[in-house]
Amino acid sequence: MLSDIVLEVGNLSKRYNDLHAVHKVSFDVKRQEIFGILGPNGAGKTTTLEMIETLRSIDSGRVILDGIDVSKEPQKVKRLIGVQLQSSSFFDKLTLTELLLLFGELYSRQVDPIKLLQEVELKEKASSYVAELSGGQKQRFSIAAALVNDPVLLFLDEPTTGLDPQARRHLWGVIKRIRSEGKTIVLTTHYMEEAEELCDRVAIMDRGTIIANAPPQQLINTLVSNGFKKDRVERLANLEDVFLNLTGHSLREE
Amino acid sequence: MRLTWKMSIASMKMFFRQKEAILWTILLPLFMVFLFSFVSFDGFNTISLGVVNRSNDTAFVSAIKSVKALKMYEGTYETELHALTEGDRVLVVVLPPTFHPGSSDTVRTLLNARKPQEGNVAALLVQRVLDELTFQQSVQLTRPEVIVETVNSRNLTYIDFLLPGILSMSIMQSGVFGVAFGFVLLKKRGILRRLLATPMKPGDFIVAQVATRLIVLIAQVLIMIGAGIFFFDLHFQGNILNLLVVGILGGIVFLAIGFALSGLSKSEDQVAPLANIITLPMMLLSGVFFSRSNLPGFAHVITDFFPLTYLADGMRSITIEGASLVDIGGDLLGLTVWAIVSVFLAVKAFRWE
């Protein structure tokens, strides 16, 4: 029987000397939702994610992933999750196909590289090296690599940072489709429109703590009902809309 | 096991698709041998002649000495024959006890089979000197006849000395630099971190890396020796398996040093000076290019114990003397001690992040 809660984080903390990088962070992630962790740089988003991903030791608090305690059985957890790391790369001189096969081996799985590449719309790059990909293609490839073990939970750390508007929108489409195929996704971002577009629920993080946690629309409603008014009159379009209208939505990657 | 195998295959692919790596590990050492093959350190055109004088005659010896084209050495039969087989003489003249100019005794000479042209020139010169002495001494028409016997020998050239040295050096360079730079880059670019997010056992990854490097090392040895024999007239005397055993043992030492360095440095900028500090003194003082016999005594005290000294000496003994593993037991022992020390240091210093 599948429980509704896939990830349960309780009072998770990490200290570096005097700095509380992550301080008593708690949240739940439900099956098949996209959960966003929002916050400025240095808020502790990546540290939180890396503790859940078993890449960093947990000082205190607990993380239960699909019923498994991360600090007790990290190897089991690694088999259940797919991870896209911020600014991590892949081996040079292996083609995308070879990389996916190798990553499959790391999970003792025979994977179908073409199917995975199709998933992230990179089929035509199957025999390219990662170095030959554009920024958006690299991010999409690292999502494909995170899917080799058919994970229960997919972690994406700032997947669209540094991408142009077209590539970002394209990646949003890929992420939404992966969710619609039954995956649960946790992502971090510092783009508000991204959180609003993608996430069912967001946790806003600052200085190592979570200061709000709700669906985006609910957070906006709360703010407005508290009497908030924008300084400027709401416009019907912004500069990004102008940009996309002029340059089109299609990808420019080559 | 399957994973280690798959990872080794993958890293072999990565290695051989990197043109720079092939350039550094295989082509550059060969190019160095090629360059040095133009430099002749082998006795500039003087013909070295040995004389074993069993008679009381002195006229022949002094006449030979006056021939400018010949450099004459005098010694016992044993020492001169040894020098001949070592390639240090082209011809050895043996004067019988009854010899005197004008006698009709035959004069035996031993010819270096590897230098027939120089040897025959020397034999002609010897015959002429004898003829002149004979005609000066008497009007007899009999003269001592020179007979020539061919003796097999090995004539070591500078290439014979150099090639095993450069081979050892390239094993050191690709071990230390290859691993240290490779791992620092894997760390810096987040590739190791990404791997650690998978269920891969870190030990498997290290084993695959070491296996890959050792396979490359075997290729290095085979290609260098093969090219040496075919293109540079290398007089390879030894057993190639013995050479691989010493090479792999040396490879383990330098791979471990590479791993230790990658743990001590955070970026490529830190690796380079550290790796150079370790490898440069060995490159210059471990007898890669020149014999260590020219080093002053105090330098021996230190350089005798360099891992590259053990490796180069061992590989050279096998290559040019045909030494067995027992013969180079001292070098193997030295390398084994270094292997234990450096693997220990590598385990202590190596960091995944």
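The values are calculated or read from the model by the stated rules, or taken from the named source; none is laboratory data. Everything numeric here is computed off the predicted structure, so don't read it as measured data. So basically every Cβ, Gly included, is an ideal-geometry build from the backbone, and we count neighbours across all protein chains shown. Ligands, DNA and RNA are stripped out before the accessible areas are found, and what is left, the full protein with its side chains, is counted by its heavy atoms. Shrake-Rupley method; radii C 1.70, N 1.55, O 1.52, S 1.80 Å.
Around residue A:209, with a cut-off of 14 angstrom between Cβ atoms, what is the net charge of the other residues, counting Lys and Arg +1 and Asp and Glu -1? Spell out each step's value before the answer.
Working: positive: A:14, A:15, A:24, A:45, A:207; negative: A:206.
So the environment of residue A:209 carries a net charge of +4.
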(message) Just to be sure I follow: if Rg is taken over the C-alpha atoms of the range B:50-131 and Rh is the Kirkwood radius over the same atoms, what is Rg/Rh?
(response) 0.93
(request) Scan around residue A:14 for amide H atoms under 5 Å from its own, H built in the peptide plane at 1.01 Å from N, and keep only partners 5 or more places away or cross-chain. (result) A:21, A:22, A:23, A:24
(message) I need the shape label for the range B:174-216. Rule: rounded when a/c is under 1.5, else prolate if a/b > b/c, else oblate, with a, b, c from the alpha carbon gyration tensor.
(response) oblate
(request) Calculate one ³J(HN,Hα) per residue across the range A:7-18 by plugging θ = phi - 60° into the Karplus curve 6.51 cos²θ - 1.76 cosθ + 1.60, and present them in order as whole Hz with x for glycine and proline. (result) 9, 10, 10, x, 6, 5, 9, 9, 10, 10, 6, 8
(message) I'd like the orientation of helix B:307-321 relative to chain B: the angle between its Cα long axis and the longest Cα principal axis, in ° from 0 to 90, rounded to 10.
(response) 40 degrees
(message) Using a Cα-Cα cut-off of under 17 Å, which lysines could be cross-linked to residue A:78, ignoring same-chain neighbours fewer than 8 residues away?
(response) A:183, B:201
(request) Mind listing the long-range amide H neighbours of residue A:83? Cut-off is under 5 Å, sequence gap 5 or more, other chains count too, H placed in the peptide plane at 1.01 Å from N. (result) A:155
(message) List the lysines whose Cα sits under 22 Å from the Cα of residue B:115, skipping any in the same chain fewer than 8 residues away.
(response) B:65, B:68, B:71
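If one takes the accessible area of chain A alone plus chain B alone and subtracts that of the pair, with a 1.4 Å probe, what total in Å², rounded to the nearest 100, results?
In total, this chain pair buries about 2500 Å².
Expressed as a whole percentage, what fraction of the accessible surface of chain A belongs to carbon and sulfur atoms when a 1.4 Å probe is rolled over the protein heavy atoms? Before the final figure, lay out each step's value.
Numbers: 6190 of 12390 Å².
Ligands and nucleic acids excluded, carbon and sulfur reach 50 percent.
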(request) Return the percentage of antiparallel bridges among DSSP beta bridges fully within the range A:110-239, rounded to the nearest 5 %. (result) 50 percent
(message) When the expected Rg is taken as 2.2 N^0.38 Å, what fraction or multiple of it is the alpha-carbon Rg of the range A:1-77?
(response) 1.09
(request) Using the Karplus curve 6.51 cos²θ - 1.76 cosθ + 1.60 with θ = phi - 60°, work out ³J(HN,Hα) for each residue of the range B:257-262 in order, rounded to whole Hz, and write x for Gly and Pro. (result) 4, x, 4, 4, 5, 5
(message) For the protein assembly as shown, compute Rg over Rh where Rg is the Cα radius of gyration and Rh is the Kirkwood radius from the inverse mean 1/r over Cα pairs.
(response) 1.24
(request) Among the aspartates and glutamates, select those whose C-alpha is under 14 Å from the C-alpha of residue A:125, and discard any that sit fewer than 8 residues away in the same chain. (result) A:98, A:253, A:254
(request) Using a Gaussian network model of chain B whose springs link C-alpha atoms within less than 10 Å, name the residue from B:17, B:114, B:213 with the highest mean-square fluctuation. (result) B:17
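Cα-Cα over 22 Å: which of A:138/B:187; A:93/B:348; A:45/A:115; A:138/B:188? If you can, show how the numbers build up before the last one.
Details: A:138/B:187 18 Å; A:93/B:348 30 Å; A:45/A:115 31 Å; A:138/B:188 17 Å.
From A:138/B:187; A:93/B:348; A:45/A:115; A:138/B:188, over 22 Å: A:93/B:348; A:45/A:115.
Sort B:7, B:32 by heavy-atom solvent-accessible area, probe 1.4 angstrom, most to least.
Numbers: B:7 10, B:32 45 Å².
Solvent-accessible surface, decreasing: B:32, B:7.
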(message) Give me the inter-chain shielding for A:101-111: mean count of other chain Cβ atoms within 10 Å, whole number please.
(response) 4
(request) Scan around residue A:39 for amide H atoms under 5 Å from its own, H built in the peptide plane at 1.01 Å from N, and keep only partners 5 or more places away or cross-chain. (result) A:189, A:205
(request) Calculate one ³J(HN,Hα) per residue across the range B:340-350 by plugging θ = phi - 60° into the Karplus curve 6.51 cos²θ - 1.76 cosθ + 1.60, and present them in order as whole Hz with x for glycine and proline. (result) 5, 4, 6, 5, 4, 4, 4, 4, 5, 8, 5
(request) Might you tell me the accessible area per residue for the range B:242-353, computed with a 1.4 Å probe and given in Å²? (result) 46 Å²
